[in-house]
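See structure below.
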Amino acid sequence: MKAVLYIRVSTNEDRQNPKTQELPLIEYCKNKGLEYDIFQEYASGSRESRPELDKMLTGIRKGLYNKVIVWRLDRLGRNLKHLLQLIEEFKNKNVKFISLTEGFDTTTIQGELFFSIAGAFAQFERALTRERINSGLDRARAENKKLGRPFGSKDKKRRRKSGYYLRWAGK
């Protein structure tokens, strides 16, 4: 059986480099003699459906993997409810979950407790970030500052709508 290395960064490589997570995860697998597949994506952790996460879950449901390894818990998700659903699914499929930097092992009762606590903190951190952003936007609006891209959209090309209509109609 193989392990899954799930790597997620919120922004492109210019601001967050996935190698920061990838290299220690690969080293861990090599030290433990584990075969692995890597699922890497650029997506918000608040979204429950992400392309690579969905592919990983499909592989788990098919029984291809017996371990999910992440750099940190918040890389898997930022919503406690979603994290708990994922861990429950892993548990039902006999898939071990490992958070490398936090040392979670969800096969024990203590590991489940620490996972729940850390998940709550991840959700709290996400809510704080959202609150700070909204406060900054409210302040900028009160100061009558222009919000959004400073130069508007770069793409000014007119597009045909026929393809959109065909896709929408399901043809």
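Quick notes
- Lys pairs, region 23-108 - Cα-Cα below 23 angstrom, 8 or more residues apart or on other chains: 21
- Evaluating 6.51 cos²θ - 1.76 cosθ + 1.60 at θ = phi - 60° for every residue in region 121-129, the Karplus couplings come out as 5, 4, 5, 4, 4, 4, 5, 5, 4 Hz, glycine and proline recorded as x.
- For Phe97, the residues whose modelled amide H falls within less than 5 Å of its own, excluding neighbours fewer than 5 places apart on the same chain, are Val68, Thr106, Thr107.
- Global form of region 1-84, assessed from the alpha-carbon gyration tensor, a/c cut-off 1.5: oblate
- Karplus-derived 3J(HN,Hα), 6.51/-1.76/1.60, for each residue of region 80-92, Hz, glycine and proline x: 4, 4, 5, 4, 5, 5, 4, 5, 5, 5, 4, 4, 5
Just so you know, all these numbers are worked out from the coordinates, no wet-lab data involved. Note that the coordinates shown come from a computational prediction; the quantities given were computed from them, not determined experimentally.
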